[in-house]
Structure formats: C-alpha cells, structure tokens
Amino acid sequence: MPVLGSIFVPVSNALSKGPIVRINPHELHIRDSEFYEQLYAPAAKKRDKYKTWVILSGTPDASFSTVSHSHHRVRRNALNPFFSRQAVQRMQPLILEKVERLASRLSEAAHSQRVVRLDVAFMALTMDIICHYAFGESYNYLAHDDFHVEWKNSVISALENGIFLRNFPWALPLLKSIPYSVLKVLQPNAASLAEWANVVKQKVDNLLQENAKGNKSSGTIFQAMLDSNLPPEEKSTARLIDEGQSVVGAGSETTAGTLSVILFHLLQDKGLFYKLRQELASRPSKGSSLLQDLEKLPYLTAIIYEGLRLNVGVMSRSPRIAHEIVQYHDWQIPPGTPVSESVYFVHQDPKIFPEPKKFRPERWIEAQQNGLRLDRYMVCFSKGSRSCLGINLAYAELYLTLAKIIPRFEMELYETTIEDVEPARDFFVPVPNLDSKGVRAKVIAVL
C-alpha cells in the first residue's frame, strides 16, 4: 500500500520477516494485534509519550501533547467531566440542532440539483458542534456556501506540515514568527490556521477578563479548566489556548472522516443503505432517550463500528515509552524505548477481520452472536489513560447524524470511487490521493 509520509511501506515489508522491527535508531514498532492492550493500556503501568512525536501538534501545552504520564493524568482529569457520557447526553439537543442545519443544506442541494462534497459537509457539522460545545458559540461553517472547504484544506495542510516539524522542530517558532500578512501570501492555508488561533486567543482573553470581574461563563471548556482544581500554572493563557485548539482539531476531522467512509459504502451498496433505513424506521424514538435508544440498534451500531474500523482515525503510529522492561515474546525491551503499534495494522488484520478491506457490518453482529469480543480490537480511539478524550462525543455525533440523514434523503454518489475514501497518505489522519475530489454525492429526493 503506497502510503506516503509514513513508515507504512518499509514497515509492512520488514514485518513480513517478523512482528518487531527497529524502524529508526531510537524506535521499535510491533505488529501484533494481541499485544496492543499490553503496550497502550497495561494495568497500573505508566506510559509516557515520545517528545519527538508530539511536536507535530503545534500545541505543546495541550493534554494531547503532554509527555509525562503523571502530568497528563492531572490535565486529563480536569477535562474528563466535560466530555463524560452524562455531559454528552445533555448535549443531544445541540447536536441535533446542528444535524438539522445540515439536513436543511442537503434539502437545498436536492432542489438545486447541486453536487455536495459530503466529506466537507460533515467536517462543517463536526466543527460547528465542537466549537459551540467547547467555546460556547458556533462559527456557522454549515452556513457557508461551500461548507467552508478552506478550513478542511487548512487542517490537512497543517497536518502535512506536522510531518516536517516532527523532523525539524526548530522550524515551528520560526513559522509562528512570520507576520500574518506575509503568511497569507506565502502559505494561505497556514494563514487560515493562524487566524483561527487568534480567534481562540481572543476568546480566552475575553474569558479571563470577565472572570477577573467575577463574571463566569458556564458551558465552555475554558471555564471548566478555570473552575477545576488544576494548579495556577495549568490555567495560563497559553495552556487554555493550546487546549482549545487541540480539542477542536481532534473533534472535527476524524469523526467527519468516519461519516464520509460510512456514507460512501452505504451509497455504493444500496442494500446496506435500505437495510439501515428499515431498522431505523422499525424502532422510532424521540425525546431525551433518543441517543440511548439508537445505541441499542444492532445494525446501526455495526455500521458505525465498521466505519470506524476502515477510517482508522489516526493513521500514524503513536509511540509509548514504558518505565519498566517490556517483555514481548523472547524480546526484552529496555525502559525508555519508544515503541508503537499502528491502528491500521490492527484494523486490517485478516486473522481478526477476514476480508479486512471489505465494508461488512455483519461481522460485528456475527461476532456478538458467537460470544466473541471483536470490539477489543477496535483501537481507533486508542486504549488506556491516553484514549481519546472525545470518544463519547464522537459516538453521539455518528449515531445522531446517521439516524437523521439516512431516513430523510435519497442520494447517489457522484464521480466518487473507493480511492476517495482509502488512505493513500499518512498526515497523522488518513488522507486519500492528491487528486481526490472528496466524497461527492447528489441528493435525489427529500422524503
């Protein structure tokens, strides 16, 4: 598989001779689906991140970029209540409001017979949700005529630049020092991100000023951090800005990518599409229990799992550093050694998932009927104390979006092939070929 910007090609070749390889002078990579939990989620064991690796985020003070296991736990504990299952349940009206706005745009596309880039539309949706939830206001990406495709392009460009910065970390301060007017000419995508960073900074500055006056703004991630028992140095302006940017970055592209993969396969095989529609119609649900009721639908759940499996979420390896000797079969891995496994290799393991490239939701239902814990190998959110902070929000977005879109619209793919949803480049997240024009569809009818 010709994945660029990554270790996939050389590692794939090397691992044909064994499950563990040294991929550079400092790192080891293991390809063993059964060992993933021991590496990432061992009971009562500490796992640090690899400092060289987290540079790519460009947000050094965010929880995601925190190297130390113990330091990360302190930072993460302050955010956990904000993204808990109960908190996300309370978000259901907000998510549904944004999904309704997306549905309205799809209805407009049906009347105008305009082709819709679903991958961009879904990213506009997830951006409007996470911004409204985390910052207390939406920036209405769904209202843009093109769903603000510029933002998606900017995010992908930034992720691509992250590969360069990982190898040349000294360049990050230089890039940040370039005046906005110059950056806009030389790197429009980078300028867009710089503009966004300034929006976040203004949001934080205003919040701190209001807090100083005794006026607290409930319902934002920044206020949650300020109200937590974090020490004062963990509530600095730089920390709040980095955390805000990190949460938005993590909460938009990955979930949008999964929705794009799911819709592509449902529209490519209408049998799957209509089977899901039938299940949704057979068990109508409304009100505050909607999300819980949807989570009980076996076929909808299987489709979401299969979409998550194929989209991968994070394409790059994510090294962990153990404080103790790690025993892997006959090998003893010394403490302090960066070791990684790749989500892609687990999700594409033919021993776990026969015909791994095929979108086959039934595999999850069959596994459950046979008493098999196939979800143990669903590692797109990682495992352990470093698992994805927004996992509950991601699932809520997937369930509610599919439940509202599938019954309401007839769609067909437009000049879109499997290559438009298969990973061809590793920019931390999976990215298709350079010539891909996204997942495009026509809305044929509104039901």
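The values are calculated or read from the model by the stated rules, or taken from the named source; none is laboratory data. Since this is a predicted model, take the numbers as computed values, not measurements. A quick note on method: Cβ atoms are made from the backbone with ideal geometry, for glycine too, and the neighbour counts reach across all protein chains shown.
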In segment 126-156, anything crowded, with 21+ Cβ neighbours inside 10 Å and in contact with a His (Cβ under 7 Å, 6 or more places away or on another chain) is listed as 141
Does any residue of segment 417-434 turn out to be without any contact (Cβ under 8 Å) to a residue 60 or more places away in the chain, within 17 Å of residue 260 (Cβ to Cβ), in contact with a helix residue (DSSP H, G or I) (Cβ under 6 Å, 6 or more places away or on another chain) and surrounded by 18 or more Cβ atoms within 10 Å (Cβ to Cβ)?
yes
With the first residue restricted to segment 220-234 and required to be under 14 Å from residue 82 (Cβ atoms) and crowded, with 19+ Cβ neighbours inside 10 Å, and the second required to be modelled with pLDDT under 90 and aromatic (Phe, Trp, Tyr), Cβ contacts under 7 Å at 6 or more apart or on different chains are 220/135
For segment 438-447, give me each residue that is touching a Ser or Thr at 6+ places or on another chain (Cβ under 8 Å) and part of a loop (DSSP other than H, G, I, E, B).
438, 439
Just to be sure, is residue 238 at pLDDT 90 or above, within 22 Å of residue 130 (Cα to Cα) and either of a type outside the set (A, V, I, L, M, F, W, C) or part of a helix (DSSP H, G or I) (or both)?
yes
Only one of these conditions is not met by residue 150: (1) at pLDDT below 95; (2) closer than 21 Å to residue 398 by Cα; (3) of a type in the set (D, E, K, R). Which number is it?
(2)
Mind checking which pairs have a first residue in segment 268-286 that is without any contact (Cβ under 8 Å) to a residue 40 or more places away in the chain and a second that is surrounded by 11 or more Cβ atoms within 10 Å (Cβ to Cβ) and not in a helix (DSSP H, G or I), Cβ under 7 Å, 6 or more apart or different chains?
279/297; 283/297
Check segment 151-164 and report whether any residue there is part of a helix (DSSP H, G or I), over 19 Å from the mean Cα position of the chain (by Cα) and either over 30 Å from residue 92 (Cβ atoms) or aromatic (Phe, Trp, Tyr) (or both).
yes
If I go through segment 66-92 residue by residue, how many of them are of a type in the set (Ser, Thr, Tyr) and in contact with an Asp or Glu (Cβ under 8 Å, 6 or more places away or on another chain)?
1
Could you tell me whether any residue of segment 102-119 is of a type in the set (S, T, N, Q), crowded, with 17+ Cβ neighbours inside 10 Å, out of contact with any Gly (no Cβ under 9 Å at 6 or more places or on another chain) and in contact (Cβ under 8 Å) with a residue 40 or more places away in the chain?
no
Of the numbered conditions (1) farther than 23 Å from residue 130 by Cβ; (2) out of contact with any strand residue (DSSP E or B) (no Cβ under 9 Å at 6 or more places or on another chain); (3) not basic (Lys, Arg), residue 398 fails exactly one; give the number of that condition.
(1)
Tally up the residues in segment 382-437 that are hydrophobic (A, V, I, L, M, F, W, C) and part of a strand (DSSP E or B), please.
6
